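Take a look at the structure below.
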Amino acid sequence: MLRIDVLTLFPELFDAPLTTSILGRAQEKGLAVIRAHSIRRWADDERGTVDDAPYGGGGGMVLMTQPLAAGIREIRNTYGPGPVIYLAPDGERLTQAVVNELALEEHLILLAGHYRGIDERVRRLHVDREVSIGEYVLSGGELPALVLIDAVIRLLPGVLGNFESALDDSFQDDLLDCPWYTRPQVFEGMQVPPVLLSGDRTAIRRWRIAQARARTLARRPDLASRWTANAGQPPENESQ
């Protein structure tokens, strides 16, 4: 079972997402425990102060060291060790490879920053990994934390009805996903490719791999460039 604890200023933002769809079912099945904790819980004054103006001036506020460090220590002492991941726009890019790594952990501690971010000393002393979901800035780390949680939880065995569907996702094996079709066979003049109606599993697999390669070359040549490390071809994903 994977446990994920999130330190945030706005735990209420997690209420609906964590109880809906795949995330909710994963917890109902006992495959994951996900909890959001208010950083104000570890404030050392009655007002619940957790931020202050930055040294040196400048706009915005910075999350203070004491509440963050105290929260991280308590979570680790209570629920066991696990990497602390700070959601930050200047972190490493969240990729499927990173998600695959995190899905192997037993405990993740996510730190959702806000305002101007967190004190640099917390980043250096208490954060193990920094992750960004893209080259843009959001109001806080809550939405990126939910993105990471969803990406990781769906990889846990037993979460999806068909675990193979997770192995076929875009970005596994540096490939985008192939096109998919369902009923009806003809829609507004467009017909489902005949090979998908043939019942020939080998031909279908080859068609899907070819389509995935073509789509990756057209849309993400940066991914296709990684194939050179594999004799110029992406891996053969047998489940596609």
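Since every read-out is calculated from the coordinates, none of them should be taken as a lab result. What you see is a predicted model; the values in this text were computed from it and never measured. Every residue, glycine among them, receives a Cβ derived from its backbone with ideal geometry; neighbour counts consider all protein chains shown.
Values for this structure:
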item	result
Cα-based convex hull, the chain, per residue volume (Å³, whole number)	178
Helical mean residue ellipticity (222 nm; -39500 (n - 2.57) per DSSP H run of 4+; nearest 500) of the chain	-9500 deg cm²/dmol
FRET E, pair I204, R41, Förster distance 51 Å, beta-carbon r, rounded to 0.05	0.45
Selection from A43, S139, G30, by position along the positive dipole direction of the chain (Cβ)	G30
Chymotrypsin sites (Phe, Trp or Tyr not before Pro) restricted to region 173-212 and DSSP loop, no more than 13 other C-beta within 10 Å	W180, Y181
Within the chain: Cβ-based charge dipole about Cα centre, in debye rounded to nearest 20 (Lys, Arg +1; Asp, Glu -1)	520
DSSP loop GluC sites (Glu not before Pro) with at most 13 other Cβ within 10 Å: longest gap in the chain	47-105
Choice from S139, S21, S198 showing the highest fluctuation, given a GNM over the chain with Cα pairs closer than 10 Å	S198
The chain: most fluctuating residue of Q191, Q66, Q96 per GNM, C-alpha cutoff 10 Å	Q191
Estimated translational D of region 30-155 in µm²/s (Stokes, Kirkwood radius over Cα pairs; 4 °C; 1.567 mPa s)	85
Within region 12-26, backbone nitrogen closer than 12 Å to the virtual label 7 Å beyond the Cα of S139 toward Cβ	13
FRET efficiency, 1/(1 + (r/R0)^6) with R0 41 Å, evaluated for I22 and D52 via beta carbons	0.60
